[in-house]
Structures are given as structure tokens and as C-alpha cells.
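Contents: one structure, followed by commentary.
The values are calculated or read from the model by the stated rules, or taken from the named source; none is laboratory data. Remember, predicted model here, so these are calculated numbers, not experimental data. Here Cβ is always computed from backbone atoms with ideal geometry, including for glycine, and neighbour counts include all displayed protein chains.
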Amino acid sequence: MTDRKPGDICAESNGCRSDSLIRLSEFRTLWAALAQSVLGDQLARVALSLLVFERTESAGWTAATYALTSLPALLSGVLLTGLADRFPRRTVMIGCDLVRAVLVGLMALPGTPLPLLAGLLVLAQLAEAPFGASQGALMPAVLGERLYERGQRVIMITHQSGQLVGFAVGGVLVVWLGSHVSLGLNAVTFLISAALIRVGVKARPVDAGADARPKRMHTQVRSAAALIWSDPRLRSLVALGWLAGFIVLPEGLAAPFAEEAGASAASVGLLLAAHPTGMVLGAALLGRASVGDERRRQLLGPLAVGANLPLLVYWAGPGVGVALLVLLVSGICSAYQITAGATFVLLTPADQRGQALGLARSGLTAMQGIGVAAGGLAAQLSGSSALTIGGAGLVGTLCAIMVAVSWARARQTGAGTIPLRA
């Protein structure tokens with residue numbers, strides 16, 4: 001049998017049927033590595049929170065430890081994602097997995113002092129950004145242009161579903177297994193991921209651009225930033241992604257809003273799950289064969305507005321039931337992020353994808369953190385979480401309208417279509 005490219009399979013499937021992805025062994029491998037790793041990460045987050053709280057009985061230290069599971073990625077997203085452009089991406093992914101397996105394994109040892117535990121956690125999280133950048137930059141080579149966005153949709157659904165399942169059963173498993181065993185299991189998931197990638201993903205050389213000489217870290221960062229800023233399409237796509245800084249606020253204020261609405265503590269979990277559930281539904285709806293790639297790009301602006309606009313309902317002081325519906329609709333519209341991210345990657349030169357993705361994702365992390373922090377301060381000053389979320393919806397809607405106009409103008413490049421890079 002002759003070898004066929006992913007694009008050939010997609011063409012034969014008359015519209016890229018969903019089972020086209022299952023036929024690609026490399027994608028199956030990457031998907032399996034991700035799925036079990038996400039579950040392990042969620043289990044570890046719950047285990048760390050319980051472990052720190054058991055030792056300190058401090059909500060502040062527990063929250064700070066939980067924050068350490070995401071904040072280091074902001075730094076490494078700028079400084080370390082360039083590794084995905086300087087070394088073979090499969091090698092970077094395997095290396096990051098092995099480093100995290102060792103560090104999390106040390107965290108799992110009973111009696112590890114809390115300061116050392118925090119240090120190991122920071123080091124482990126620093127490896128997350130270069131792994132993600134390498135995976136994102138490798139996907140176009142694995143799937144080809146035609147199947148790439150579909151693959152990213154499957155990855156997003158898997159990630160969101162894994163988080164929901166992990167949070168739903170994580171507490172029960174950690175109580176049953178214990179915090180140290182749970183952390184040990186997370187270390188094992190990194191070893192499994194490294195083994196799967198080593199065996200199931202083909203080795204590829206470093207992508208070479210016009211200047212193939214190795215670049216210093218600051219040169220890579222500056223070059224990627226200049227690339228994004230100089231291309232109005234990339235600027236608009238990054239801005240579309242960063243709008244998540246407004247949309248994430250209901251998640252950060254879920255607990256105080258539930259109390260304000262007179263609901264039980266159990267409703268907090270439902271409020272946290274509503275938006276991710278909506279994103280999964282939105283991804284499925286946008287992924288239908290009847291919605292073509294170009295149509296999805298046309299819808300980026302309207303959907304970005306639709307993700308923010310429902311939050312205005314919070315100004316009416318809704319109950320939890322109405323809030324769940326609002327968050328579900330916002331999540332459905334937020335699925336536009338998949339198309340925005342996929343288009344960004346395909347518009348970026350192959351030899352700069354890792355660093356460019358790192359900058360975009362670091363900015364997204366920063367915007368989400370700033371959004372939640374600013375929202376918390378505003379809620380404290382105003383005395384109302386509902387009014388704060390409604391205000392974020394208004395500002396987010398206005399920003400989304402401006403970005404939508406910018407994107408509509410930028411995408412006219414190339415006679416109204418988006419010329420993607422191979």
C-alpha cells in the first residue's frame with residue numbers, strides 16, 4: 001500500500017469525516033498521551049490542595065499552591081517555548097515529560113517539606129509551556145492543513161472533558177488513594193506520555209526558515225513578537241483569544257455569586273462546569289461538515305461578541321438556574337477559540353510556530369489572571385459579584401466588537417480568503 005498524506009485521506013473522505021482522524025496513528029498516539037495526562041493533572045491539583053491544607057490548615061496557602069499549578073507557565077511561555085523551534089519537537093515533548101515525571105515523583109515522596117514541594121511544583125510547571133508549544137506546532141505536520149482544525153477541536157473537547165471528569169471524581173479518588181499515591185500516579189502518566197510519543201510519533205527534523213542559524217532566546221522572542229505585531233491577521237487572532245480575560249470572570253467569582261444568589265455550596269460546581277460544557281457543545285456544532293473552514297472564520301467576530309454579550313444578564317441579579325443557562329450559551333460561542341487558534345498556527349511560519357504560540361498563550365494566561373484579579377477587586381469594592389460580572393460582560397462586548405471589526409478587515413487579505421501556510 002502506498003503512503004498517503006493526511007490531506008489525501010481528508011480529500012477522499014468527502015468533507016473530512018470524523019473517523020479520518022482515527023486512521024492517523026500519530027494523532028491517536030498524541031490524543032492518548034493527552035487524555036491520560038489531563039486526568040492525572042487534575043488528580044494532582046486536587047491532591048496538592050488537600051495535602052497543603054492538611055499540613056497548614058490555611059486557605060491562603062492552599063490557594064497559593066493551586067495558583068502555582070498555572071502561573072509558572074506564564075514565564076516559561078515567553079522564555080522556554082522557543083525550544084520548540086530550536087530542537088525537534090518530539091524530542092522537546094519527551095524531554096518535558098521525563099522532567100515532569102521526575103519532579104512530580106519527588107513531590108509524591110512522604111514527608112517532603114512544603115517549601116521544597118512548592119519549588120518542585122514550579123519547576124514541573126515550567127515544562128508545561130514548551131511541551132504545549134511543541135505539540136501545537138507539531139500538529140500541522142501530523143494532520144496536514146485540512147485536518148488540523150478538526151484535530152484541535154478533538155484535543156479541546158478531550159481537555160475540557162478530562163478537566164470535568166477529573167474535578168468530578170478527583171476528590172473521591174484522592175481521599176481513597178491518599179495525596180502521595182495520587183501524585184505518584186500523575187508522575188506515571190508523564191512516563192506513559194513520553195513512552196507513547198517516543199514509540200508512536202515520527203521523528204522530524206527542526207523546521208528551517210530563511211535564516212536557519214540558531215537564534216538566541218531574546219532574538220527568538222523579539223522576532224516572534226514582531227511577526228505577530230506586523231501581521232494584522234495574527235494581531236486580530238491573538239486579540240480574539242485574549243478576550244477570554246473577560247469571559248473567565250464568572251468562574252473566578254462562582255463561589256461569591258452562589259452565596260449572593262442564595263444558593264447552596266453545591267451549586268458552585270455546576271457554575272464551574274457550565275462554561276466548559278458549553279464549549280464542548282459549541283465545538284461539536286461548529287465541527288459539523290456543513291460548516292466549512294471559511295465560514296467558521298467568518299463567524300469568529302460574531303461568536304466572540306456572543307461569548308461576552310450574555311454576561312450582561314448578570315446585571316438583572318439572576319438566580320443560579322438562569323446563570324447556568326447564560327454560562328452555557330457563553331461557552332457555546334466561546335468555541336470560536338478553536339478556529340482562532342488553529343488559524344493563528346497555520347498563518348505562522350513553521351519555524352516560528354513554537355515561540356509565537358508561546359507568546360500568544362502566555363498573553364492569554366496573563367489576561368485571564370488579570371481579569372480574575374481585577375474582577376475580584378471590583379466585586380470587593382462594589383459589594384456585588386453579579387454587577388461585576390455584568391460589567392465585565394459590557395466591557396468585553398465592546399472590546400469584542402472592535403476586535404471583530406479588525407478581524408473582518410484583516411481577513412480580506414488575499415481576495416477575501418485566508419491563504420494558509422503549509
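One residue is enough: does the stretch 18-31 have a residue meeting the conditions under 27 Å from Ile370 (Cβ atoms) and at pLDDT 65 or above? Give the steps one after another, and end with the answer.
Step one: filter the stretch 18-31 for residues under 27 Å from Ile370 (Cβ atoms), giving none.
So far as the stretch 18-31 goes, no, none of its residues is under 27 Å from Ile370 (Cβ atoms) and at pLDDT 65 or above.
Is it true that Ala258 is under 23 Å from His159 (Cα atoms), assigned by TED's automatic domain parsing to the domain that holds Leu325 and either modelled with pLDDT of 80 or more or among the small types (Gly, Ala, Ser) (or both)? In short, no. Consider the stretch 145-179 and keep the residues that are more than 21 Å from the chain's Cα centre (by Cα) and not hydrophobic (A, V, I, L, M, F, W, C). The one that is nearest to Val52 (Cα to Cα) is Ser179.
Here is a list: Leu325, Leu285. Which entry is surrounded by fewer than 24 Cβ atoms within 10 Å (Cβ to Cβ) and at pLDDT 95 or above?
Values: Leu285 fails: at pLDDT 95 or above.
It is Leu325.
Given the condition closer than 19 Å to Met279 by Cα, buried (at least 18 other Cβ atoms within 10 Å of the Cβ) and basic (Lys, Arg), answer yes or no: does some residue in the stretch 345-355 qualify? Steps first, answer last, please.
Keep residues of the stretch 345-355 that are closer than 19 Å to Met279 by Cα, which gives none.
No, because not a single residue in the stretch 345-355 is closer than 19 Å to Met279 by Cα, buried (at least 18 other Cβ atoms within 10 Å of the Cβ) and basic (Lys, Arg).
Thr388 passes every criterion in (1) within 24 Å of Leu272 (Cα to Cα); (2) buried (at least 21 other Cβ atoms within 10 Å of the Cβ); (3) under 23 Å from the mean Cα position of the chain (by Cα) apart from (3). Could you check, for the stretch 128-145, whether at least one of its residues is in a loop (DSSP other than H, G, I, E, B) and either at pLDDT 85 or above or not assigned by TED's automatic domain parsing to the domain that holds Ser76 (or both)? There is no residue in the stretch 128-145 that is in a loop (DSSP other than H, G, I, E, B) and either at pLDDT 85 or above or not assigned by TED's automatic domain parsing to the domain that holds Ser76 (or both). Under 21 Å from Gly341 (Cβ atoms) and in a helix (DSSP H, G or I): is that true of Val280 in this structure? Judged against the criteria, Val280 is a match. The set of residues from the stretch 226-277 being surrounded by fewer than 22 Cβ atoms within 10 Å (Cβ to Cβ), part of a helix (DSSP H, G or I), hydroxyl-bearing (Ser, Thr, Tyr) and over 17 Å from the mean Cα position of the chain (by Cα) comprises Ser230, Ser267.
With respect to the stated conditions, Ala67 fails to be within 20 Å of the chain's Cα centre (by Cα) and at pLDDT 80 or above.
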